[in-house]
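Since the structure comes first, as structure tokens, the remarks are kept for the end.
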Amino acid sequence: MSFKFNKNNEMSSVNINVVNIIEEGKLGGPQVRICRVANFLSQKINTVVVMPKKNSDKFKNLCELNSIIYIDIFLTGISKQFFVLLRYVFLFPFEILNLIFILKKTKCDVVHLSGGSWQYKGLISGKLSNKKVIWHLNDSFMPKPILKVFTYLSKYADGFIFASNRTMEYYEPLIKKKEFFFIIPAPVDTSFFNPSNNLFIKDKYLDNIDDKLIITTVANVNPIKGLENIIKVASIINKNINNIEFFIVGEISSRQKKYFSFLQKLKKDLKVENVHFVGPRDDIRYFLKISDIYLCSSHAESSPLSVWEAMSMGKPIVSTNVGDVPVYVQDGQNGFISNVNDYEDLSRKIVKLVLNKKLRIDFGKISRLTAIKKLDISICSSKHEQAYKIINNISNVKK
């Protein structure tokens, strides 16, 4: 176990000590949200992040960049693979004891369970330590065995944060204890994701694109992202328009080799050469800044941070009807919404924007304004602070 403290190497004097536990170390939306909120609330809420040692280097770097205390320990992830699952079960009690030790050492008031409905260890260790627990749910689909365990354990949580209305609708029927529900979208730093910022980033994929129209998707290669539909969209559009480039910015992990091979074969079969998988980028703002349209093709989302960041960068959005995207992307006002898997409708709506520059600009302005008014880090962090205070003040006496 290793401890990483803030710049002063000490715990600041604050009202509430929060231990934010996440059992997935790979940097993604939940990890970014943890760092942004913890940083913004650092003068009021002291946050310690607990993460697995494995696959968490980028997450650790982000914590250090934001002067956030973190503890990395051995946390075994759940898996369908038999031997991994066996290890998960065998190590479960030892990892629970380790988490209990951390919660006592950090003088935790509230345990924030961050990774979703499958991450049970924070809940169990929190209740065994007699701590308040708030469970953060950020998806709208889980396998039935996960949901069964969640349904049983959910009664022990003191409150729930839902990343979207759609996530709440999905999980609410499974939760018996409904006193404290909070809907808090993923936050975007609209001052950082600002199209007015001067950005000088050189990227080989962006050479010689002056006469091109750019459509960007930010997503790790994963079947849930519906990336095959981007290739199908490109195939349809390419029949009539020949100056468009599609960029998919995100990691291609070893676990998704089979899916990525399928995507590459689909590109070949459909003779699509203008869809580019560019891999991850530490700073995706430049790709967003030079983009004309942002495309989300996902099968399922909750509060997709990449969409909010594109909105903050003043981009028109074309998206499938997933998560709370329709709440912030008003169809026909700052973007267009299509049904999941309806790549033909996605194509038609993209073409409408491609052929109308003024519409793209007008939509982009509304996107930017919406992100500032409804999704900014200041707004979302204040809602987290309120949730922590409410949960922390719940009486320990059972009613």
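The values are calculated or read from the model by the stated rules, or taken from the named source; none is laboratory data. Keep in mind that this is a model prediction, so the values were computed, not measured. A quick note on method: Cβ atoms are made from the backbone with ideal geometry, for glycine too, and the neighbour counts reach across all protein chains shown.
Things to note:
- Restricting the range 223-245 to residues that are under 21 Å from Asp211 (Cα atoms) and small (Gly, Ala, Ser) leaves a set whose member that is surrounded by the most Cβ atoms within 10 Å (Cβ to Cβ) is Ala234.
- Conditions (1) free of Cβ contacts under 8 Å to residues at least 24 places away in the same chain; (2) touching a His at 6+ places or on another chain (Cβ under 6 Å): number failed by Gly226: (1)
- Total residues in the range 55-75, condition under 19 Å from the mean Cα position of the chain (by Cα) and among the charged types (D, E, K, R): 3
- Residue ID - nearest to Ser114 (Cα to Cα), chosen from residues in the range 166-217 that are among the hydroxyl-bearing types (Ser, Thr, Tyr) and surrounded by fewer than 17 Cβ atoms within 10 Å (Cβ to Cβ): Ser191
- Considering the range 279-332, and only residues there that are small (Gly, Ala, Ser) and over 17 Å from the mean Cα position of the chain (by Cα), the residue that is nearest to Ile377 (Cα to Cα) turns out to be Gly314.
- Looking across the range 210-256, just one residue is of a type in the set (Lys, Arg), closer than 28 Å to Gln81 by Cα and modelled with pLDDT of 95 or more, and that is Lys225.
- Taken together, Asn274, Asn321, Asn356 contain a single residue that is touching a Ser or Thr at 6+ places or on another chain (Cβ under 9 Å), in the same structural domain as Thr217 (by TED's automatic domain parsing) and not aliphatic (A, V, I, L, M), which is Asn321.
- Scanning the range 278-320 for residues that are under 24 Å from Ser347 (Cβ atoms), surrounded by fewer than 20 Cβ atoms within 10 Å (Cβ to Cβ) and touching a Gly at 6+ places or on another chain (Cβ under 8 Å) turns up His299, Ala300.
- The one condition from (1) in the same structural domain as Val275 (by TED's automatic domain parsing); (2) among the basic types (Lys, Arg); (3) over 20 Å from Ile293 (Cα atoms) that Lys212 does not meet is (3).
- Where strands (runs of 3 or more DSSP E) sit wholly within the range 1-117, those with at least 3 residues that are modelled with pLDDT of 95 or more, in contact with a Cys (Cβ under 9 Å, 6 or more places away or on another chain) and buried (at least 21 other Cβ atoms within 10 Å of the Cβ) occupy 45-52.
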